[in-house]
Amino acid sequence: MINTLCFSVALLIIVLPAMAVPQKVESNKATLSITQEVADKEAQNKRLIQQAFEQWASGNGNFFDLLTDDVQWTITGSSPLSKTYVGKQQFINETVTPLTSRLATPIVPKIREVYADGDDVIALWDGTATAKDDQPYRNTYCWIMTLKNGRITHVVAFLDLIEYTDVLNRISDGN
């Protein structure tokens, strides 16, 4: 009886850990699969943003086409423009159009860096243009964008609002 009990305990000691290993391997495979899915999504989101900037820079695209109609775009800081804009149209009407209507040339973006983490993509870029008074417009932007299904749903934007408002104050809207 004692021999049978010892044999049973020994068998359990040997067999149980061996049975647990495949479960751990399966768990590792699932983790690797999820990790690969996240990495693929990050690469896809990063590529989408880089391509949109490249098209914009070449004059063949409108970056803001990536925005959902209900995008939430937050401009940081303490100026009157610093707030959260709810909706693509509000954002464009209150920030993009007032600036671009005072520029003689479109803003040409030049990316410094693009980073991706899951659904979030961060783009650090410089924008240059010529204002209607022939003065240069130069600004550095950092946009933290959240994407869903290939569209931008949320943005937190950092930029030099002094440079931006200088153009608005210097040049009248109809000029």
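The values are calculated or read from the model by the stated rules, or taken from the named source; none is laboratory data. Everything numeric in this text was worked out from a predicted model, so none of it was measured. Heads up, the Cβs are rebuilt from the backbone with ideal geometry, glycines too, and the neighbour counts pull from every protein chain shown.
Among the listed residues Val155, Val121, Val114, identify the single one that is closer than 23 Å to Ser79 by Cβ, β-branched (Val, Ile, Thr) and modelled with pLDDT of 95 or more.
Step by step, each of Val155, Val121, Val114 is checked, and only Val155 is closer than 23 Å to Ser79 by Cβ, β-branched (Val, Ile, Thr) and modelled with pLDDT of 95 or more.
Pull up the range 142-175, narrow it to residues that are free of Cβ contacts under 8 Å to residues at least 24 places away in the same chain and part of a strand (DSSP E or B), then point me to the one that is surrounded by the fewest Cβ atoms within 10 Å (Cβ to Cβ).
Checking each candidate, the answer is Cys142.
Looking only at the range 112-151, count how many residues are among the acidic types (Asp, Glu) and in contact with a Leu (Cβ under 8 Å, 6 or more places away or on another chain).
3
Within the range 112-135, identify whether any single residue is in a loop (DSSP other than H, G, I, E, B), among the charged types (D, E, K, R) and at positive phi, and answer yes or no.
Yes.
Given the options Ser27, Ser82, Ser78, name the one that is within 30 Å of Trp143 (Cβ to Cβ) and modelled with pLDDT under 95.
After applying the criteria, what remains is Ser78.
Can you name every residue in the range 100-111 that is of a type outside the set (D, E, K, R) and assigned to a strand (DSSP E or B)?
Listed by number, the residues that qualify are Leu103, Val108, Pro109, Ile111.
Please enumerate the residues belonging to the range 69-97 that are touching a His at 6+ places or on another chain (Cβ under 9 Å) and either under 18 Å from Gly150 (Cβ atoms) or not hydroxyl-bearing (Ser, Thr, Tyr) (or both).
Hits for the range 69-97 are Val71, Gln72, Trp73.
Hey, could you check the range 94-117 for residues that are touching a helix residue (DSSP H, G or I) at 6+ places or on another chain (Cβ under 6 Å) and either over 20 Å from Thr165 (Cα atoms) or of a type in the set (Ser, Thr, Tyr) (or both) and say which is surrounded by the fewest Cβ atoms within 10 Å (Cβ to Cβ)?
If we take residues in the range 94-117 being touching a helix residue (DSSP H, G or I) at 6+ places or on another chain (Cβ under 6 Å) and either over 20 Å from Thr165 (Cα atoms) or of a type in the set (Ser, Thr, Tyr) (or both), then Ile111 is surrounded by the fewest Cβ atoms within 10 Å (Cβ to Cβ).
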